Amino acid sequence: MSVTKHLIIGLDGFDWAIARPMIAAELLPNLQKLLKQGSHNSLQTVLPKSQSATWATSLSGLWPDQHNILSDREPDVGGEGNTAVSHLSTSQSLLWDWLAPAKLKTQLLGCYMTPVPVETVDVCVGQHYPGEAQFGGQWPDMAAENMCGLNKPDLDYLGKLRLAPADVPIELLEPLINDIHLIDQDSDRRPAIIAEALARTISVHNVATWLMETRPADVLLVNYPLLSQVVGHFVAYQAPQHKDISPQDFQRYNAVIQGLYRFFDALLGRLMALAGTNGRIMLLSHYTFKQNANSATGYGLKQFQPTEKTTTGHVIFSGAGLHNNAEIIAPQQLDISPTLLASLGIAIPSTLIGRIWHEVFSSPLVSKEQQSTLNKNKDWTALEGGLSQQDHIWLAELSAMGMVDPLAHNIKQQRMALERERMLNKQQIQAVRGDVTGAIATLISWLGQQPQDVAVKLELITLLFFTDQHKALLPLAQNALAQLHTMSEDSCPTLTGALSITTRMKLLQAAIAFAEHKSDSALAHLQQIDFSSIQDASTQTFAGNCCLKLDSLAEAEVLFKRAMSINAGFGPAYSGLARCYYAQQQFEPAANIALRAVELQAGDFASHRILGLSFENLAELELAELHYRAFLQRYPNDSEINKRANRIKVKFAPSR
């Protein structure tokens, strides 16, 4: 079959907030060109702490609890120690498993989950290339264990394509590090960190361009480690100067991150030239690094660990047959595999959860009626509590004698805790992607098995309150309140967080009053709580939404802003403040805050609604229609928004 060639570039750590002003200043010309020739948007991701887990989610189209890669390492086969996870760690299909039956030539370079080579692809150069840096800044001898599809001369040549950290030219480091000649690199290892990342990136880039020049494939997936290895250590050195950064260190290292972006832009230009005008390029970042206003983190500082990763990445999809300079509507990580498969003309397996980004393609793709399953139907079933068949027979005999095995009881308790953790992860993932109905169903299902789990009840009550399901909320809240009356502060280990039992009870009483349409009583319960002393963004946001429902807009604004000051990345607080501004007819501030909410949580469809309404009031009708369409992706039957979107569509029809 004839397909458009695809280049998929992994660039974890890429931050749109850093790139955007650099693009405006024309410092990233190749990235700017890529954007103009395609579509992009912030990408909501899961489990960024584990790069293997997050890449497995993108390449399988399944949640982590479905593909079962939940960390970067796993117990080894012998049961002692641990080993790096690989593509063999999941029983589910990954992207290349669907490409092989379609006879597509696929190459993998530096990808996660490839410590063991993927034998079904044309070429696999595993994630450990070019190796682990040795003392003196040299790479070890070439190891072919995690490679396939290459002969002996090819492997020898790959060895020559490696640039060792010690051999990185000073000319590459000077634009990144001011006064590098004055730094004692025996005591300050920061230049060595940057040099190793540059060497590793250049080595990977050399192989990528060699493959594209000499062995062109239908799909090349290459992972660039440049930003993921460096930015977490140096994000605190950016302007303005952080209080924990000395003037000398700030002067030396404040240009590192922008310099790395410009360096990658030069590499990107070469990749784009080799891909040609008939190819398609997807640039994919799963996370950014979160700056801590209170305490700087990074190498050379008191808090020396890398800065925390966020759950917001970015995706760009550009090239032939794609709309120019457009926006992907609320992209989710689970959409990546179905969109790539559709772009390659491959039928979408029925097991995939995400959607195809139809809005980025200039011509229609295959319909769902034409889709068939290419999934390998590899089932994964967890072992029942880790017990063998013989264990079950033995336990049944003990039970018949009226005896209980304490070890089995302990295993059962551990299994229950694990199931609860996985359930809560699933619920949180559903809520993040805007599937509130699914999140509610997950919690209800758990409570059907564990009706006394008060912490889960409180989580469910919060979701029911936000979605105005007062009829369902009332009996559940009354039951939880009665349960809390019998509890002490330390009697329920699952009730963790910044709230006391007394505060939780007052919040429940307010929710009950709302459900009974007793607004004055609800407000009275809220006024008994000293919110200024509660360092919990979720509680502040809950109270803000209560005040919003009571039309106490000034109080709501204070609470939402306090939530944002506690956790600058808490999307629901931004969403609430946007609705607060809109209720006050402050349309421009509402739009600005709602945009930030959508950046933090692409699945925040309520903020898309506020954006549509605000832009319509600001006479920005094309932007209004864009966000109305995003909202209707989740709520297609909303009559008011359908009416507004269609009215705008009709107005623009003659000019389109």
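Among SER533, GLY612, PRO572, which residue has its Cα positioned farthest towards the positive end of the charge dipole of the range 499-656, with +1 placed on the Cβ of Lys and Arg, -1 on the Cβ of Asp and Glu, and the dipole taken about the Cα centre?
GLY612
Once you've got the Cα coordinates, tell me which of LYS426/LYS561; LYS457/LYS506; LYS471/LYS643; LYS49/LYS561; LYS457/LYS549 are over 20 Å apart. If you can, show how the numbers build up before the last one.
Values: LYS426/LYS561 29 Å; LYS457/LYS506 15 Å; LYS471/LYS643 29 Å; LYS49/LYS561 28 Å; LYS457/LYS549 22 Å.
Pairs exceeding the cut-off: LYS426/LYS561; LYS471/LYS643; LYS49/LYS561; LYS457/LYS549.
Considering only C-alpha atoms, what is the centroid distance from the range 560-628 to the range 125-188, in Å?
46 Å
Kindly report the accessible area of the range 28-146 per residue (heavy atoms of protein chains, probe 1.4 Å, no ligands, DNA or RNA), in Å². Intermediate values should be presented prior to the final figure.
Details: 4770 Å² over 119 residues.
Computed with neighbouring chains in place, this is 40 Å² per residue.
Carbon-plus-sulfur fraction of the accessible area of the range 1-113, 1.4 Å probe, in percent? Mind showing how you got there, number by number?
On the way: 2190 of 4270 Å².
That fraction is 51 percent.
Report the net charge of residues surrounding GLU132, where surrounding means a beta-carbon distance below 11 angstrom and charges are Lys +1, Arg +1, Asp -1, Glu -1.
In short, 0.
Using 0.36 nm per residue of separation minus the Cα-Cα distance, give me the extension gain between ARG647 and THR437 in nm, one decimal. Let's see the in-between values first.
Working: separation 210, 0.36 × 210 = 75.60 nm, distance 2.89 nm.
Length gained, ARG647 through THR437: 72.7 nm.
Taking all protein chains in place and a 1.4 Å probe, what share, in percent, of the accessible surface of the range 194-343 do carbon and sulfur account for?
Values: 2470 of 5070 Å².
Result for the range 194-343: 49 percent of the exposed heavy-atom area is carbon or sulfur.
For the range 542-656, which whole percent of the accessible surface, found with a 1.4 angstrom probe, sits on carbon and sulfur atoms? Don't skip to the answer; put the middle values down first.
Values: 2660 of 5350 Å².
Carbon-and-sulfur percentage of accessible area, whole number: 50.
How much area per residue is accessible in the range 597-644 when the probe is 1.4 Å and only protein heavy atoms are counted (Å²)? Kindly include the intermediate steps, with their values, before the conclusion.
Values: 2040 Å² over 48 residues.
Here the per-residue accessible area is 43 Å².
Identify the residues of the range 332-346 with backbone N under 17 Å of a label point that sits 7 angstrom from the Cα of SER362 along the Cα-to-Cβ direction, or state none.
Once the point is set 7 Å along Cα→Cβ of SER362, 343-344 turn out to lie under 17 Å by backbone N, inside the range 332-346.
Could you sort out which of LYS33/LYS160; LYS33/LYS309; LYS5/LYS36 sit more than 23 Å apart by Cα distance in this structure?
On the way: LYS33/LYS160 32 Å; LYS33/LYS309 28 Å; LYS5/LYS36 19 Å.
With Cα atoms farther than 23 Å apart: LYS33/LYS160; LYS33/LYS309.
What net charge do the residues around MET272 carry, taking every other residue with its C-beta under 13 Å from that of MET272, with Lys and Arg at +1 and Asp and Glu at -1?
On the way: positive: LYS5, LYS33, LYS36, ARG270, ARG280; negative: ASP265.
Once positives and negatives cancel, what remains is +4.
Between THR351 and MET487, what length in nm is gained on full extension when 0.36 nm per residue of separation is reduced by their alpha carbon distance? Write down the numbers at each step before the final one.
On the way: separation 136, 0.36 × 136 = 48.96 nm, distance 4.35 nm.
Separation in residues times 0.36 nm, less the Cα-Cα distance, equals 44.6 nm.
I'd like to check one number: the per residue accessible area of the range 177-249, probe 1.4 Å, reported in Å² as a whole number.
Working: 2700 Å² over 73 residues.
Result: 37 Å² of accessible area for each residue.
Whole angstrom only: what separates the Cα centroid of the range 94-110 from the Cα centroid of the range 506-525?
About 57 Å separates the Cα centre of the range 94-110 from the one of the range 506-525.
The values are calculated or read from the model by the stated rules, or taken from the named source; none is laboratory data. It should be emphasised that the depicted structure is a prediction, and the values quoted were computed from it without experimental measurement. Because the Cβ atoms are built from the backbone with ideal geometry, glycine has one as well, and the counts that use them run over all protein chains shown. Just the protein is used for accessible areas: all its heavy atoms, side chains included, with ligands, DNA and RNA removed. Shrake-Rupley method; radii C 1.70, N 1.55, O 1.52, S 1.80 Å.
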